[in-house]
Amino acid sequence: LNLSRNRFSELPKSVKGLVHLQSLDLQECYWLKQLPGEIFELSNLLSLDLTEGGSLENFPGEISNLINLRHIRLYGCQGLRQMPIGLRNLTNLQILDYFIAEQSSPGDVGNELAELNTLNNLEGELKIVLGGHQCESRPANLQ
């Protein structure tokens, strides 16, 4: 379902009824601030594209319910402050292009990075923002 470049600030709750939906494209939906919990009930969802979703403020932990998810594109989501706990459950994930982690002290790389430990199927480039600073981009295969 391609809803890219729309000017809505929230998705309709009726998206819950799209139980067979496999792809949700929300690229450049600049005014979208949050994802409704109903999205995380779409158990057949394989791809979620939020590229350039600059106003998106949070990414709920319910994402871990989407165990079939293979692609999450978040690059350009400048409003995101942290990643949800539970990403480690998405073991089928092949594409994750953007990850944010807090840094509580200079030597601490953030407990959030542990969420990446089980994502052994990642491909492509993963940009990590640690404590507000972008780290060097590397190929994402973490095996």
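If DNA, RNA and ligands are ignored and the probe is 1.4 Å, what is the ranking of ILE67, ILE128, ILE85 by accessible area, most exposed first?
Sorted descending by solvent-accessible area, the residues read ILE85, ILE67, ILE128.
Accessible area per residue was computed with a 1.4 Å probe on protein heavy atoms; TYR98 scores about 20 Å². Taking 0.36 nm per residue of separation and subtracting the Cα-Cα distance, full extension of the segment from GLU123 to PHE8 would add 38.3 nm.
Beta bridges from DSSP with both residues in the stretch 13-139: antiparallel share about 25 percent, rounded to the nearest 5.
Ignoring ligands, DNA and RNA, what accessible area per residue does the chain give at 1.4 Å, in Å²?
Per-residue accessible area for the chain comes out at 53 Å².
Computed from Cα atoms alone, the Kirkwood hydrodynamic radius reported for the stretch 1-84 is 12.5 Å.
For the chain, the equivalent ellipsoid derived from the alpha-carbon gyration tensor has semi-axes of 24, 17, 13 Å in decreasing order. Residues whose amide H lies under 5 Å from that of ILE100, counting only those 5 or more places away or on a different chain, are MET83, VAL129; hydrogens are built 1.01 Å from N in the peptide plane. As a rough guide to protection, the peptides 32-41, 15-24 ranked by mean Cβ packing within 10 Å, highest first, stand as 32-41, 15-24.
Express the carbon and sulfur contribution to the solvent-accessible surface of the chain as a percent, rounded to the nearest whole number, probe 1.4 angstrom. Taking all protein chains in place, the chain shows 46 percent carbon and sulfur surface. Each residue of the stretch 66-79 was assigned a 3J(HN,Hα) from its phi angle through the Karplus curve 6.51 cos²θ - 1.76 cosθ + 1.60 (θ = phi - 60°); the sequence is 8, 5, 8, 4, 10, 10, 10, 10, 10, 4, x, 7, 5, x Hz, with glycine and proline shown as x.
The values are calculated or read from the model by the stated rules, or taken from the named source; none is laboratory data. The structure displayed is predicted, hence computed values, not measured ones. Every residue, glycine as well, gets a Cβ built from its backbone with ideal geometry; the counts of neighbours run over all protein chains shown. Ligands, DNA and RNA are excluded from the accessible area calculation, which covers all protein heavy atoms including side chains. Shrake-Rupley method; radii C 1.70, N 1.55, O 1.52, S 1.80 Å.
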